[in-house]
């Protein structure tokens, strides 16, 4: 077999997605595909290359070719039941099929898990579109019936929601069904806890808290707490000077830093190890004296899936849905 | 802003992935990107279109441009720590960012969840490649450091494992680290259970059992059981005649059929409702008298993530790893 050139691979994927989309839209009917010549012109690929992909799709059962007549979708294809299942898109901020972020990965895992419990298919949207015009193209291109957006900008989410059933997870988005995370309650709880042990506790924040709306604010607004720290992410090399700098009662940081900080204090000031609070970023080190600020992802995913099922199951408009889920301050980490 | 043409979207994604891959490989160093003219020729896109994507990547913090000098990767980009995290690929059978199958979706959800617990990034491979030559192109193109394959053909899995740390989930694959699912134990357990209630129980199988190696065999090999049923997937319309056909003690089928079957017997033969066994396909209806054949996905995902962490953490060759996980016959469904 001819070795495929590097640049041909993504092109063949386009042919495959093109065919898959036609099958998906066919609702179990036999649909004739455009001729090789037409597709060749449209995709800028040789007809023989397209033919090769068609042959493979035929072997896989997606297509049926009738000599001299044309190539058709196979209405018996097993993953298309009699009644077409809704195709739910999941769109991430700067959507990519890359997951560089344990928090996001964990959220997607919970979403997929929750969506697998009701009859739908899922399409992970991958285009990195950032304007309404581009999202419009992406949504039309992906043929989805409903959408879940995760940390997507409100403007884009609102546009998507105007086009199809959509649920937004993360930040508030006016007039759009949303599951919103807040951290105020956890912030106040931590403040009480710290003030119980000491009159004006000093808190060092080593995280950007962007995903924990209200948590930092609740601590800073509490007149008894003295907060310091960085407002951005802290590189590992800069942790040590910050830790040396003050006599802190509590250090709040991403889970990934906890092991280092724990070791640092054990070595340098074993008698004054501060209370550690790990921001739940999907990585869970096991430290007995550490609190976790846990994101209610599983609950968010379940609420989202249930709401989508409701929206897909009815034709009438529904009153806007908003659920506010509070981060939880946990003593022992639970994997939920 | 100019409305992007339908066909430009995937091209812009290529530019984005091209840049992301360079950043990913840069290990935190500042890397100069090729000129717009070079990229224009390579991707067949106008220089102004590429410039537009570069501008966006700059706004997002991935790139830094120096007037008259060139465009560079931004070594401070927050998701790239000082030490480059391994990028783990997940490759599915007929890989696509579409999930048409609740079983697969649930497996991916568990995998992502397990992988999020150790420091790595994840890239979902999307090309539908089916030959070793194509996989070679895909692996080179995706720059991953390790791979998890799910229900991928043994030949492809073995090839991938010869190139990088790889763990295979699903079917046995010689000489390749594998987590294999088996159903014999559950099959024998069900046989004992049914034979305890009746001398030669009749079992109706309404599933293709492809993913439950050994389960069907264990039932059929038990001399006391009389098995009948279909060897392929059964369309909903054909369920009823099969159910009317015989006086069954047990019906084994996909979870999605359970509600229908339960209702059918309740209406037609409420005195002789057979034992129902639901094949765990990710959808969990709640029936009190139903057994579930549960796939040990969570355990498989955890074993896989732990093995990958081990492989990525050492340079020496390791003896082959194989874990056989048995499906479990559960009385009450547990979400794990």
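Read the figures in this text as sums done on the coordinates, not as results from a lab. Remember, it's a predicted structure, so these values are computed and weren't measured experimentally. Cβ: placed from backbone, ideal geometry, glycine included. Neighbour counts: every protein chain shown.
Once R0 is set to 35 Å, what does the formula 1/(1 + (r/R0)^6) return for the Cβ-Cβ distance between residue B:200 and residue B:263, expressed as a FRET efficiency to the nearest 0.05? Before the final figure, lay out the partial values.
Working: r = 28 Å, r/R0 = 0.79.
Calculated transfer efficiency: 0.80.
Could you pull the copy-to-copy label distances for residue B:60, with points set 7 Å along Cα to Cβ, in nm to one decimal and sorted shortest first?
From this label point to the equivalent ones elsewhere in the assembly: 2.7 nm.
Report, as an integer, the average count of C-beta atoms from other chains found within 10 Å of each Cβ along B:155-166.
On the way: counts 0, 0, 0, 0, 0, 0, 0, 0, 0, 0, 0, 0.
Counting other chains' Cβ atoms within 10 Å and averaging over B:155-166 gives 0.
So, in nm, how far is label residue B:37 from label residue B:140 when the simple model puts each one 7 Å beyond its Cα toward the Cβ?
Spacing of the two 7 Å Cα→Cβ label points: 2.7 nm.
Measure off 7 Å from each Cα along the Cα-to-Cβ vector at residue B:18 and residue B:310, then give the distance between these two points in nanometres to one decimal.
4.2 nm
Put a point 7 Å out from Cα along the line to Cβ at residue A:162; what are the distances to that point in the other copies, in nm, shortest first?
Taking the point 7 Å beyond Cα along Cα→Cβ, the inter-copy spacings are 5.5 nm.
Tell me the distances, shortest first, between residue B:320 and the same position across the other copies, using label points 7 Å along Cα→Cβ, in nm to one decimal.
Values, ascending and in nm: 5.9.
Mind sorting B:112, B:20 by how few other Cβ atoms lie within 10 Å of their own Cβ, fewest first?
Result, fewest neighbours first: B:20, B:112.
What's the average, rounded to a whole number, of partner chain beta-carbon atoms within 10 Å of each residue's beta-carbon in A:118-125? Before the final figure, lay out the partial values.
Values: counts 4, 4, 4, 6, 9, 5, 7, 1.
Per residue, the number of nearby Cβ atoms from other chains is 5 on average.
Set the Förster distance to 45 Å, then compute FRET efficiency between residue A:153 and residue B:185 from the Cβ-Cβ distance, nearest 0.05.
On the way: r = 50 Å, r/R0 = 1.12.
Rounded to the nearest 0.05, the efficiency is 0.35.
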